[in-house]
1. Any chance the stretch 8-28 includes a residue that's within 13 Å of the chain's Cα centre (by Cα) and either of a type in the set (Val, Ile, Thr) or at pLDDT 60 or above (or both)?
2. Residue check: is LEU89 aliphatic (A, V, I, L, M), touching a Leu at 6+ places or on another chain (Cβ under 7 Å) and at pLDDT 90 or above?
3. With the checklist (1) modelled with pLDDT under 80; (2) loosely packed, with under 13 Cβ neighbours inside 10 Å in hand, flag the one item CYS41 doesn't pass.
4. Can you run down the residue pairs with Cβ atoms below 9 Å, 6 or more apart or on separate chains, where the first is in the stretch 113-127 and without any contact (Cβ under 8 Å) to a residue 60 or more places away in the chain and of a type in the set (A, V, I, L, M, F, W, C) and the partner is assigned to a helix (DSSP H, G or I) and loosely packed, with under 14 Cβ neighbours inside 10 Å?
5. Of everything in the stretch 62-73 that's in a helix (DSSP H, G or I) and buried (at least 16 other Cβ atoms within 10 Å of the Cβ), which residue is farthest from the chain's Cα centre (by Cα)?
6. With VAL151, VAL99 as the choices, which residue is surrounded by 10 or more Cβ atoms within 10 Å (Cβ to Cβ), outside any loop (DSSP other than H, G, I, E, B), at pLDDT below 70 and not polar (S, T, N, Q)?
7. Here are SER159, SER120, SER81: which of them is among the hydroxyl-bearing types (Ser, Thr, Tyr), at pLDDT below 95 and over 29 Å from ALA45 (Cα atoms)?
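The values are calculated or read from the model by the stated rules, or taken from the named source; none is laboratory data. These numbers come from a predicted model, not from an experiment. Cβ placement follows ideal geometry from the backbone for every residue including glycine, while neighbour counts extend to all protein chains displayed.
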Amino acid sequence: MNRLRQKLHDFVILTNIANTYSLDSAMRKQRFSSYELNSGCGVEACLEVSGGKWKGVILHHLMTDGVLRFNEIHRMKPNLSPRVLTAQLRELEQDGLIVRKVYPVVPPKVEYSLSKAGESLKPLIKAMRAWGDERLLRANAQIGCRPNASVQANEEARSRPAKSQPANPR
């Protein structure tokens, strides 16, 4: 009897997960009905899939850390609400950039990894990170995740000649 109850419980959980996912994916639609390749719409198509405040960060963590579970991603970005993280992961999955693997266990175990299409974005994500790191260093911004970079930025700032400040006429 317990075995039957457990199977029924597993079925109900997996059915609820599947129904929630199908409702969410049915609501998402493309921004444009067609794209013109000669006017930079390739950039728009790329940004439609990878754009969003957290998508690039999620893709970067999956690229560098490999397979991750929901809570592992959430721990890396505690400012990100679980609701927004769920929405971003579902959009990335629907767009074919990540793979969501659900294990039929209680409590549910879900793992996320990059798909082949997601792997093809590695050069783009690496270039974005390099550009962002360089920009932060030029701006002499505090960098919390890489202390060596902020030390390097401070040393570079000290070695630069000081710009003369114009007199403040009052």
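1. From the stretch 8-28, those within 13 Å of the chain's Cα centre (by Cα) are none; that's our starting set.
Taking every residue of the stretch 8-28 in turn, none turns out to be within 13 Å of the chain's Cα centre (by Cα) and either of a type in the set (Val, Ile, Thr) or at pLDDT 60 or above (or both).
2. Working: aliphatic (A, V, I, L, M): yes; touching a Leu at 6+ places or on another chain (Cβ under 7 Å): no; at pLDDT 90 or above: yes.
The answer is no for LEU89.
3. Failed condition: (2).
4. Matching pairs, first to second residue: none at all.
5. Initial filter on the stretch 62-73 (in a helix (DSSP H, G or I)): 62-65, 70-73.
Narrowing the set further to residues that are buried (at least 16 other Cβ atoms within 10 Å of the Cβ) leaves 62-63, 70, 73.
On the way: LEU62: 8, MET63: 10, PHE70: 12, ILE73: 9 Å.
Applying the filter and picking the extreme gives PHE70.
6. Working: VAL99 fails: at pLDDT below 70.
Selected residue: VAL151, the only one of VAL151, VAL99 that is surrounded by 10 or more Cβ atoms within 10 Å (Cβ to Cβ), outside any loop (DSSP other than H, G, I, E, B), at pLDDT below 70 and not polar (S, T, N, Q).
7. Details: SER120 fails: over 29 Å from ALA45 (Cα atoms); SER81 fails: over 29 Å from ALA45 (Cα atoms).
So the residue among SER159, SER120, SER81 that is among the hydroxyl-bearing types (Ser, Thr, Tyr), at pLDDT below 95 and over 29 Å from ALA45 (Cα atoms) is SER159.
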